[in-house]
1. Across segment 76-111, which residue is farthest from the chain's Cα centre (by Cα) among those that are free of Cβ contacts under 8 Å to residues at least 24 places away in the same chain and not in a helix (DSSP H, G or I)?
2. Give the number of residues within segment 200-222 that are under 23 Å from Tyr39 (Cβ atoms) and either without any contact (Cβ under 8 Å) to a residue 40 or more places away in the chain or not hydroxyl-bearing (Ser, Thr, Tyr) (or both).
3. Can you tell me which of Glu32, Glu57, Glu69, Glu14 is within 25 Å of the chain's Cα centre (by Cα) and within 25 Å of Lys129 (Cβ to Cβ)?
4. Return the residues of segment 224-254 that are among the aromatic types (Phe, Trp, Tyr) and at pLDDT 95 or above; say none if nothing qualifies.
5. What are the pairs, 6+ residues apart or on separate chains, where a residue within segment 115-136 that is over 15 Å from Lys93 (Cα atoms) has its Cβ under 6 Å from a residue that is among the β-branched types (Val, Ile, Thr)?
6. Does Asn83 count as surrounded by fewer than 12 Cβ atoms within 10 Å (Cβ to Cβ) and either in the same structural domain as Tyr119 (by TED's automatic domain parsing) or touching a strand residue (DSSP E or B) at 6+ places or on another chain (Cβ under 6 Å) (or both)?
7. Just to check your reading of the model, which residue among Thr18, Thr13, Thr33 is of a type outside the set (A, V, I, L, M), out of contact with any Ser or Thr (no Cβ under 6 Å at 6 or more places or on another chain) and modelled with pLDDT of 95 or more?
8. Could you identify the single residue in Leu208, Leu177 that is touching a Leu at 6+ places or on another chain (Cβ under 9 Å) and outside the structural domain of Leu27 (by TED's automatic domain parsing)?
Amino acid sequence: MKRKVERIANSITEVMRTIPGVDCVLLHESAETDFGNPYFFLSFDVYYDGIFPDAPERLSLFREVGAFESSHYSRKDRFFLENLPVRIEYKQKERVDSIVNDNEGNLWAFHDNGTYMFYRLHTGKILLKCSEWIDTVRTKLDNLSKKFWSTLRESSMRSLEHYLVDLSSAAVNEDNLFYIVSLSGYLKYLCSFLFVVNRKFEPSRRRLADQVVNLEILPENFFGRFDSLIREDVEFPPSRKREVAKLLTKSLIHLY
């Protein structure tokens, strides 16, 4: 980590340390991106027990913070500190434990973002650890059941096939907006399926493109077909991409 990033990350961690109930602070890989990259920001997950301070009290804990913004529907803060963008999510350990310990019974938690929640738990850089909780969670994540992975695989395939039907009908009807929405959904669940097949946790959508192509298990002709779907090219209008998506979907059957 660059010195400024490390200094600010440590200062935020020290603030979190003063809040009763905070057990663990993780910093995520977006902080390792170059400053000039639009994907750069400091992203923290703060895991806690009990009742957490509300937004005005959290703001009072920081000095010289700019453009402080707090979510109204989840415990999440955004602000600038020394001109660096910072995002902090506050997560109850009890809720995390309920999903980790009964992952097969809480499959709803993976529908929208795949296993990204587990990815953050598993890969975040530990800046604060007040107990062995995060180590215990990571051990459990390393030993998820075959049933968990197979159920997620089936779920991802069903969603992928649903979006394939939608993008096909949109291409035929020349409905450009619905086609774009459907292709986006198709690509999202295609990536989710491939990460599940490889038993890898799904990264941020900013990292999907560079990580999915490096997975060990991929279908035949994947690279060319995947590139055709994400590339803007007049040689690949919706009608051609529809056919590529159909071929790509058929090739996934061999990965079961």
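The values are calculated or read from the model by the stated rules, or taken from the named source; none is laboratory data. Predicted, not measured: the structure shown is a model, and the values here were computed from it. Reconstructed Cβ throughout: ideal geometry from the backbone, glycine too, with neighbour counts over all protein chains shown.
1. Let us first name the residues in segment 76-111 that are free of Cβ contacts under 8 Å to residues at least 24 places away in the same chain, namely 76-80, 83, 95, 98-99, 102, 105-106, 108-109.
Then keep just the ones that are not in a helix (DSSP H, G or I); that gives 76-80, 83, 102, 106.
Numbers: Lys76: 15, Asp77: 18, Arg78: 18, Phe79: 21, Phe80: 22, Asn83: 25, Asp102: 20, Asn106: 17 Å.
Checked segment 76-111; the qualifying residue farthest from the chain's Cα centre (by Cα) is Asn83.
2. Within segment 200-222, the subset under 23 Å from Tyr39 (Cβ atoms) is 200-215.
From what is left, the residues that are either without any contact (Cβ under 8 Å) to a residue 40 or more places away in the chain or not hydroxyl-bearing (Ser, Thr, Tyr) (or both) are 200-203, 205-215.
Selection size over segment 200-222: 15.
3. Values: Glu57 fails: within 25 Å of the chain's Cα centre (by Cα); Glu69 fails: within 25 Å of Lys129 (Cβ to Cβ); Glu14 fails: within 25 Å of the chain's Cα centre (by Cα).
Testing whether each residue is within 25 Å of the chain's Cα centre (by Cα) and within 25 Å of Lys129 (Cβ to Cβ) leaves just Glu32.
4. Narrowing segment 224-254 to residues among the aromatic types (Phe, Trp, Tyr): 226, 236.
Result: Phe226, single match.
5. Leu127/Thr13; Leu127/Val25
6. On the way: surrounded by fewer than 12 Cβ atoms within 10 Å (Cβ to Cβ): yes; either in the same structural domain as Tyr119 (by TED's automatic domain parsing) or touching a strand residue (DSSP E or B) at 6+ places or on another chain (Cβ under 6 Å) (or both): yes.
In short, yes.
7. Working: Thr18 fails: modelled with pLDDT of 95 or more; Thr33 fails: modelled with pLDDT of 95 or more.
It is Thr13.
8. Numbers: Leu177 fails: touching a Leu at 6+ places or on another chain (Cβ under 9 Å).
From the options Leu208, Leu177, the qualifying one is Leu208.
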